[in-house]
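S.K.: Got a structure here, written out as structure tokens. Questions coming.
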Amino acid sequence: MSGFRTVAPLSRRGFIAGASAFAFGVAAPSLRPALAGGATDIAWRGLADQLRGRLLRPGEGGFKVAALPFNLRYANVLPAGIAVCRDAEDVSAAIL
């Protein structure tokens with residue numbers, strides 16, 4: 001059975017790092033149009049109208065604080081917008 005590799009046990013830290021990378025990979029495609037300039041101001045206003053919470057855009061009050069990541073390695077990567085969701089409907093509107 002020389003074709004099989006043994007797999008090292010997965011640590012808690014390794015699991016969390018892998019799960020985080022997976023979650024970012026799932027969420028990243030929804031951010032790509034905004035980062036590529038694909039989302040227009042009209043589209044952002046439409047999203048803001050759908051939300052019960054706030055939609056924060058660069059330059060608005062509260063954006064810098066909300067955009068600060070937990071991992072400061074990514075502090076120079078800013079989102080095009082941040083949905084401050086109040087309920088499940090806001091989450092649905094923000095990701096669809």
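The values are calculated or read from the model by the stated rules, or taken from the named source; none is laboratory data. Values in this document were obtained by computation on a predicted structure and should not be read as measured data. Neighbour counts run over all protein chains shown; Cβ positions are idealised from the backbone, glycine included.
S.K.: Output the residues belonging to the stretch 55-66 that are part of a loop (DSSP other than H, G, I, E, B) and either surrounded by fewer than 13 Cβ atoms within 10 Å (Cβ to Cβ) or in contact with a Phe, Trp or Tyr (Cβ under 6 Å, 6 or more places away or on another chain) (or both).
M.R.: Taking the stretch 55-66 first, the residues part of a loop (DSSP other than H, G, I, E, B) are 57-62.
Listed by number, the residues that qualify are Pro58, Gly59, Gly61, Gly62.
S.K.: Identify, by number, the condition in (1) touching a Leu at 6+ places or on another chain (Cβ under 9 Å); (2) at pLDDT 90 or above; (3) part of a helix (DSSP H, G or I) that Ile42 doesn't meet.
M.R.: The one condition Ile42 does not meet is (1).
S.K.: Continuing with the same structure: Determine if the stretch 62-78 includes at least one residue that is more than 13 Å from the chain's Cα centre (by Cα) and over 29 Å from Ala17 (Cα atoms).
M.R.: no
S.K.: Shifting gears a bit: Working carefully through the options Arg52, Arg5, find the one that is at pLDDT 60 or above, touching an Asp or Glu at 6+ places or on another chain (Cβ under 7 Å), in a loop (DSSP other than H, G, I, E, B) and not hydrophobic (A, V, I, L, M, F, W, C).
M.R.: Numbers: Arg5 fails: touching an Asp or Glu at 6+ places or on another chain (Cβ under 7 Å).
It is Arg52.
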